[in-house]
1. For 90, 38, which order do you get if you count the other beta carbons within 10 Å of each Cβ and list the fewest first?
2. Across every pair of different alpha-carbon atoms, what Kirkwood hydrodynamic radius in Å does region 4-203 reach?
3. If you take every DSSP beta bridge fully contained in region 41-197, what fraction is antiparallel? Give it as a percent rounded to 5.
4. Using Cβ counts within 10 Å as a stand-in for footprinting exposure, how do 284, 196 rank, fewest first?
5. In angstroms, what radius of gyration and Dmax does region 127-195 have, counting Cα atoms only?
6. Could you please rank 66, 363, placing first whichever residue has the fewest other Cβ atoms within 10 Å of its Cβ?
């Protein structure tokens, strides 16, 4: 088995890896690091949780110089992922003359500017805040040696591709580029053709891989338009462990959160309208013991939480690829997991589509929903099972406990550059 010392890394970096208990590289690290150390451009298809953060950080830190100025830019889609990459970068660089700086929306830009002005060779950031700081003259890409795009498919999902193109346009032609993504759709391939030089394409695992052996896939029908009785019946009968509950909309997550708290469950919520402080607080409480995290697709992608046992799709995923990303939050590090999808009679086709395209078997379960039949959210559901209707009023129906309202929502602006090059305001999740 290859060990990290086989890569002929500097002793300070090896010491840090040893202190992190990183002895043997993962598959993506074993294949990507030697190529990256040679200066090759890379396209790496590898799902979250395979060790790809180390695959790009180790070569960058190995080749970092003492020259002043920013040498590497790591672009990530979400604030949570930015913080995760920062944590690993700080641990790996603890014995090196490198202090990474992270920048993202929803936090004080003045503090981030102060950190940048202290000097750094590595900046980790979300697209909107990076562009904002570039426009202010606080980040200059003219001399960077490394450009990393992490979770590129999520950035495509969020509509960040034009932002990425803008960032790339400000970087020098002579640089090393590395792109990491769980999937590599055609638009990402087109992007790489415009800014990469004969990249090496590494495929780690299957693009639509589901851990069939360690996840038990189930579905159940809801009685009527409201899916709350099915959810509460499942929680009572199956008593799941630490779980993520997916709702299609931000309003839906708030309403589900309020309902669960009113029923005495320990729950937290995360979606794109919360401030960074609120999101970090929710994640901290979930890691420390809250049983349920209610989340939208976008908010939950990229989260790295090892002990999630159950995934509950309150809103059925619109396509099999989304199902893959959702259930991938459970069964981490070789553990087993359970995935439940709640559907109405008109959504049965989505179950068959998931089974066919992902080659899995989903078992139907029956739940005693009668005790909860009067409990609803203040949403109606259309034919596709998506939340619709007016403004969320939270939980409606009998309550066991006082309940409380969900956390306030506060937008986080970012500049998005359309084709005419002029900025328009959008969200940076």
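Read-outs throughout are calculated quantities, based only on the coordinates presented, and are distinct from any laboratory measurement. On a predicted model such as this, the values are computed, not experimentally measured, just so you know. Neighbour counts are summed over all protein chains in view; Cβ atoms, including those assigned to glycine, are modelled from backbone coordinates with ideal geometry.
1. Working: 90 15, 38 10.
Least to most surrounded, the residues fall as 38, 90.
2. Here the Kirkwood hydrodynamic radius works out to 16.8 Å.
3. Counting only bridges with both partners in region 41-197, antiparallel ones make up about 0 percent.
4. Listed from fewest to most nearby Cβ atoms, that is 284, 196.
5. Reported Rg and Dmax, both Å: 11.9, 34.
6. 66, 363
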